[in-house]
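As structure tokens, the structure follows; a few thoughts come after it.
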Amino acid sequence: MRKLTNSKEKEDKKHLKSKSNTNKQTQHKKPAKMKEELTSTEKEQTSDKPTMGLGAGLLEKVKDIVYKSDPSDFKKPNNKKKPASNKQSEKPFGKKPDSKEKISSSSKTPPSNENKGDIQKKPNEKEYKTARSKKQKEKTPKPKTPSATTDENALTKPKSSKEKRSKKNKDDKEAVSEENESKESQRPASTKKNDKSARRKQVYEKYYTRQEVIEGLNSGKLFKGVLRILDNHRSAFVCMEDRSDFYIDGPIARNRALHNDVVVVEPIQGKKENSNSDEHNMSSNEDQPMANEDGDLSETEQQLESLELNEEPAPKVDNPKSCAKVVSIEKRNLVNTIIGIIRPPGWSISNHENVSTKSDFAVFIPKDKRMPFITIHKNDLGDLKVHDWIENILNHKSTLFAARILRWSTYSRYPMGVLKEELGSVTNVEDYTNALLLENGISSEPFSREVLECLPAEDWRITEEELAKRRDFRNDIVITIDPDTAKDLDDAVSCKYLGNGTYELGVHIADVGHFMKPDTPLDTEAASRATTFYLVQKAIPMLPSLLCERLCSLNPQVERLAFSVTWKMNKDGKEVGERWFGKSVIKTCSRLAYGEAQNIIEGKSWAEGVGKPIGGNHSAKDVEEIIMVLCEISRKLRAQRFAKGAVEINSTELKFQLNEYGLPDMCEVYEQKEANHLIEEFMLLANRSVAEKISNSFPANALLRRHASPKEKQINDFCKFMEGLKFNFDASSSSSFNDSMNRLRSFFNPDLVELFENMAVRSLNRAEYFCTGDFPERSDWHHYALSFNHYTHFTSPIRRYPDVIVHRLLENALKQKSPNLSKKVCSKHAEHSNEQRDKANTVQEDSQQLFLSVFISEYCKKHGVSSMPVTAFATRIQDRSIDVYVSQYGISNRVELQNGNNIKSYRILPDDTAVIIKKQDDSETKISLTDKFQVYMYSDYSRTFFSVRCSLFPKT
């Protein structure tokens, strides 16, 4: 965070200047073949999808849901209305069948340049005088234009020379300077004689000085960790490496920290010290002038604060000693762009028509509920500030914008920001998808000319010289098993009988490294992207399509370069010979979809279950036999894993069928079968074998993947939840954890088991890439969920950059060369890949949420209803709501009891195991934990954009 200095005071106003830089980065997803680990799978699967569309549409009535009235209905006295320059169309957004032209609701195309629409321009004196003439009589020279584009506590990181120098010192780089706080308390008071402006009290505590932070960390009085804010916005936890997490109760205790910031916290005794987390004021009684006396900021903040007070109550904290407050921000999780919608001052969820003319601050509502409301001064609204700024906001109710936080002082409940650019319609699927990518820093720009120049010719062929260097598997039975919509086929399996009950089993991975040399523009771009980002309707590939879909993809009956691992095994899955690693050439005889391989496993003939031609001189019977041998051995490998303590967790994934308009016609939970497990086991075996090889060769420079044991608090919360359902869940070890999961599957309804498996996933730590040199103790390399001592990613170099690094390490190990990868560089790749993987998971989940919401809206439109009836299970009963799980779509949701129109009253049993609801007709219904009952799902756009809600009765 950079330091800012106060500008000179002119008349009764202060104006600060700030600069910021924004940077954001971004084909079809290859769904998973297996549950590689936790929420991630070895091949991130969604389904066997039908043809995909580039959807851009929704139903007409979405706007009636989002915005309940025309701008003419808003209460804005004595204001002459002006037509909007880019009024939104009321038609559904989609595309015509067999047409590439997308129909957009906005006549204004979203800017392709990220800097377009960046609000930095300052209005000239003449414009400002016109804007101010109705509010103030001036007897003195004109003041400078008030603007929220400056502050001592800016959250952006401009590329200043001071910042570059500060990077030399790690402490200076990560710490929030105490000078930012002290300067604020030294502001000169207003010099205006008849100053009647309100004076504001301090809301947040000032951050500790750097010296205080160092001393506190060394003495054990302060602790450093990563802040994780929950979706309810109020609750947060600071995740610690070597102790239980701290609970942070409310925005005040978070002290302006944002999600994923590295923070320093101080333990507090229970919630008493933080009992003012829902109050506007805190410890200091020191008054300060308002941040901007031109308009009433306090009115806007008070309105927003009242909205927060209506959020769900804070959870109970069993251990008061686990509570803490943020006292310093060590490292900001730099968020340059936040997407959301803009509303005029006075707006509230309950009253969309209310407009206040007393305040000069608009309200920016982020899509991400973990982010705070942002107040934006009228002069920082970009194109919306011209003419009548409130009228312009009202005419852009259905428009997505990008905003940036500029500052957040101790005297402001909410941060102040600037509107950057217009992104399109909130009801347009493609506009919304592009906004998701922008928000997560994912570039969807085409590959540059420099990158494309690194590619081989399109008619590239394997040379005889290259063939002579490689082991030849072209005459063996080699097959691929993938989702039927996959385009990037990066792995294949083979099996050959050697006699005496021994088989040679092989895993063959696309040799991406042959085409992508280190330190080339292609390599640099792939390292930057680090992964392929999968959305419902498309994917953002890590590599150009010439590689990922053609030359590297192991397409059927064509010669391809591969990196292979083979094992000699018997049918019991026991290795009976040495492993072989090396470069190879293969020619797959057939490409199977999971469903086709499953047909063979279930006993159908090739003609009946597959019906595809087979390359080479192989017969259908030969291929059928090989699939059955692979399946039999994979079962033994799977059993061995679980016997050693591996955890079986099935995470829920949705698959969609899109129509010609790119809108979902079908949505269902993807079901994994034995064909998925077949591929899963051999990919796990290959990854583990390669991890053992490279870590033995390069013990300080290998890129592996670890999964730490669950933290006590996380797993205890899950065990306590299960205890409330009268089930004893033992999680003392990975083996006992898996035993408990197996008991759970026989104890509860199968639909409920899906929920508990998902909850179990969330109770575990996330697996992560790491450099072995950063963890000298080999026990820290352990993978808890897989119960492996060594594990890495080797099997998907087309879509994961860590696999590319592992290929290079393996090649150097086989040639007995140095790793050609320093510990420092390896660590940086690990850290960046972890960040990109998190982004990929986030944007994938958001995309599925988007299409599920659209699917429900389309269902309601088609059937002429306001909500969709579904079956749900009660999983938790709270003071004002029932948590439910809808197994049909694999989602958890919350049913509010206080907002039900048909609910006259309700009573919760003392042990929170049931609720008795009295309807308006005085009839009663009892809902107990794990009960199955009907709820009604609908798409809600009032604040959370494309989100899904549930109610006990049909929505009116």
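Structure notes:
- Taking the fewest neighbouring Cβ atoms within 10 Å as the starting point, the ordered list for T566, T502 is T502, T566.
- Relative contact order (%) - criterion: Cα under 8 Å, at least six apart; region: region 742-813: 13
- Taking the number of Cβ atoms within 10 Å of each Cβ as an exposure proxy, the fewest-first ranking of V536, V843 is V843, V536.
- Subset of K517/K815; K369/K538; K726/K932 violating a 19 Å alpha-carbon distance limit: K369/K538
- Calculated translational diffusion coefficient of region 865-951 (10 °C, 1.306 mPa s; Stokes-Einstein with Kirkwood radius over alpha-carbon pairs) equals 118 µm²/s.
- Label zone (K574, point 7 Å along Cα-to-C-beta; backbone nitrogen cut-off 17 Å) within region 633-662: 633-641, 643-644.
- Debye, to nearest 20: dipole size of region 865-951, +1 on Lys, Arg Cβ, -1 on Asp, Glu Cβ: 140
- The modelled label-to-label distance between N333 and E453, using points 7 Å beyond Cα along the C-beta direction, is 3.9 nm.
- Distance between modelled label sites at E831 and L814, nm, 7 Å Cα→Cβ extension: 3.2
- The simple spin-label model puts a point 7 Å past each Cα toward its Cβ; for K358 and F747 those points are separated by 5.6 nm.
- Residue order, fewest to most beta carbons within 10 Å, for D803, D388: D388, D803
- Counting 0.36 nm for each residue step from S822 to I916 and taking away their Cα separation leaves a gain of 27.5 nm.
Taken together, the values in this text are just the output of simple stated rules run on the coordinates, not laboratory data. All of these numbers come straight from a predicted model, not from anything done at the bench. Here the Cβ is made from the backbone with ideal geometry for all residues, glycine too, and neighbour counts use every protein chain on show.
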